[in-house]
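The values are calculated or read from the model by the stated rules, or taken from the named source; none is laboratory data. Every value quoted in this text rests on a predicted model; they were computed, and no experiment measured them. Cβ coordinates were reconstructed from backbone atoms using ideal geometry, including for glycine residues, and neighbour counts include every protein chain displayed.
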Amino acid sequence: MAEIGGGLPFSPEAVRNFRKEGDATAPVELNPHAARVARQFTDSFITPRMLSGIWRIVEFTLLALIGILIFSRYVGWGPQSTRYIIVSVISAAAGVVSIEIAEGYQIPVLRAGFVQLWRLALGWGAALALTALTLFFLKSQDDFSRVWLGGWFVSGLAVLSIARLVLGLKIRRWARNGIMERRAVIVGGGKAAETLIRGLEMQPDSDIRICGIFDDRDDRRSPPIVAGYPKLGTIRELVEFARLARIEMLIVTLPLSAEQRVLSLLKDLWVLPLDIRLSAHSAALKFRPRSYSYVGDIPLLDVFDRPLADWDWIAKRIFDLVIASVALVLLSPVFLATAIAIKLDSKGPVFFRQKRHGFNNQIIDVFKFRSLDHAMSDPLARTIVTKGDKRVTRVGRFIRKTSIDELPQLINVLRGELSLVGPRPHAVHAKSSMNETFVEIVDGYFGRHKVKPGITGWAQIKGWRGEIDQPEKLKKRFEHDLYYIENWSLLLDLYILVMTPLKLMATENAY
């Protein structure tokens with residue numbers, strides 16, 4: 001048996017055919033009922049994992065600042081200031097780690113009120129005890145005030161206790177108002193779905209909000225309402241619903257014995273940027289513990305995880321903002337020179353906007369320097385630019401060859417529509433030189449939209465750039481995009497950025 005995702009067993013042949021059985025991911029129009037429900041879930045929300053991470057940063061900052069404040073008031077600034085600041089920062093970090101070990105950052109604990117405070121006292125006390133012990137062994141205990149250390153413990157515990165009690169009230173209110181939740185959709189109806197829903201509803205600390213049920217089966221085999229939740233449509237409608245309603249998790253309730261059916265569903269759904277889980281609530285089969293995740297006591301089998309979730313997304317966004325801002329300043333002379341050259345070379349605007357597929361298949365306007373004759377600019381990219389294309393201006397030929405025409409996309413990065421690194425955004429109506437759409441060439445093509453597209457990418461530095469005059473070229477680009485999505489890291493982004501100018505200057509595929 002072979003494995004995919006979180007370790008689920010399927011036959012090797014089924015896995016090989018997983019992404020080769022056609023593509024059911026083309027956009028479809030939702031039925032009125034599903035569209036109405038989707039509109040109810042377009043508001044913003046914060047995930048429990050994100051809140052837990054933010055609270056770690058908040059408590060670290062509070063503890064460090066309290067330590068420095070007490071030192072400044074009781075000891076005063078002087079030659080010893082640097083040592084006190086260093087110990088304050090290190091001990092604050094140790095406090096957060098100790099509270100984490102005491103399981104003090106789990107959402108059920110954070111919302112528990114006074115019951116959680118013993119974990120806080122235990123974690124913070126252990127961290128300062130470790131600090132005192134370390135200073136003793138380093139023979140530095142006489143260099144630090146005991147009043148400062150004791151006052152820091154009491155003040156830190158008091159401030160964090162008050163902050164946590166306030167946070168607990170907020171969490172309970174956010175849970176009621178739908179601000180903090182994991183939005184989930186059940187895939188597959190009937191008795192299995194009802195059993196899962198009843199189990200989820202019995203979990204007192206569940207953060208799952210079920211938004212509906214989707215099933216291809218008719219009402220005779222899959223009732224229109226299950227445990228009070230309506231069946232909103234088919235699996236193909238689910239893809240569009242999940243994008244509109246900002247769904248975070250899909251839970252498939254079909255039995256593992258229906259291998260072909262499960263694989264068929266996963267083929268349709270893997271293109272979405274969300275977590276896909278298989279209900280194991282009533283499954284007789286047992287798997288390795290790492291294959292499971294839990295909602296309370298309800299076991300779920302992990303199939304696919306959302307790429308660039310929570311803190312990964314924040315780290316990448318900060319990276320994009322910093323690098324793009326610096327690049328815009330440093331490249332401003334290039335912007336100015338290019339704008340002047342375009343104006344002198346041909347009539348028309350300097351910039352050109354083109355509609356392309358963005359994150360989660362949304363349509364965005366991408367900025368470029370105009371490289372084609374304005375009268376033949378083709379903003380929908382219905383005709384691909386080929387070698388010797390007469391539409392390309394003299395300046396356009398140079399800036400396309402050197403990729404200078406792509407530099408205005410730094411503006412898209414600052415606007416949050418693009419990333420510096422990611423799968424290149426293709427035009428909405430882009431076709432190969434054989435007049436085939438990209439969806440026709442590559443099954444599961446929209447899977448590359450599970451992350452934000454980028455100005456450059458793994459495929460580009462590996463030579464898969466330019467005209468698509470052979471199906472194999474698009475397939476290779478797609479494979480490289482998937483590799484990037486599945487192996488993302490900030491170091492990989494940095495490597496791609498460094499290699500981009502070296503690789504793109506040598507390419508022969510850009511016209």
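Annotation: Ile441 fulfils all but one of (1) aliphatic (A, V, I, L, M); (2) more than 20 Å from Gln362 (Cα to Cα); (3) modelled with pLDDT under 85; (4) loosely packed, with under 15 Cβ neighbours inside 10 Å; the unmet one is (4).
Give the residues of segment 446-482 that are at pLDDT below 75, outside any loop (DSSP other than H, G, I, E, B) and touching a His at 6+ places or on another chain (Cβ under 9 Å), sorted by residue number.
Quick first cut of segment 446-482, residues at pLDDT below 75 only: 446, 464-471.
Now drop any that are not outside any loop (DSSP other than H, G, I, E, B), which leaves 446, 471.
Phe446, the sole residue that qualifies.
Of the residues that sit in segment 447-496 and are polar (S, T, N, Q) and surrounded by 22 or more Cβ atoms within 10 Å (Cβ to Cβ), which one is farthest from Glu240 (Cα to Cα)?
Let us first name the residues in segment 447-496 that are polar (S, T, N, Q), namely 456, 460, 470, 487, 489.
Keeping just the survivors that are surrounded by 22 or more Cβ atoms within 10 Å (Cβ to Cβ) gives 456, 460.
On the way: Thr456: 27, Gln460: 29 Å.
Of everything passing the filter in segment 447-496, Gln460 is farthest from Glu240 (Cα to Cα).
Taking strands (runs of 3 or more DSSP E) that fall entirely within segment 178-239, which contain at least 2 residues that are among the aliphatic types (A, V, I, L, M) and surrounded by 18 or more Cβ atoms within 10 Å (Cβ to Cβ)? Show your work before the answer.
Values: elements: 182-187, 208-214, 229-233.
Filter on segment 178-239 gives 182-187, 208-214.
Yes or no: segment 239-251 includes at least one residue that is farther than 15 Å from Leu196 by Cβ and free of Cβ contacts under 8 Å to residues at least 60 places away in the same chain. For segment 239-251, residues farther than 15 Å from Leu196 by Cβ and free of Cβ contacts under 8 Å to residues at least 60 places away in the same chain: present.
A single member of Ala112, Ala126 is within 30 Å of the chain's Cα centre (by Cα), hydrophobic (A, V, I, L, M, F, W, C) and assigned by TED's automatic domain parsing to the domain that holds Trp55, and it is Ala112.
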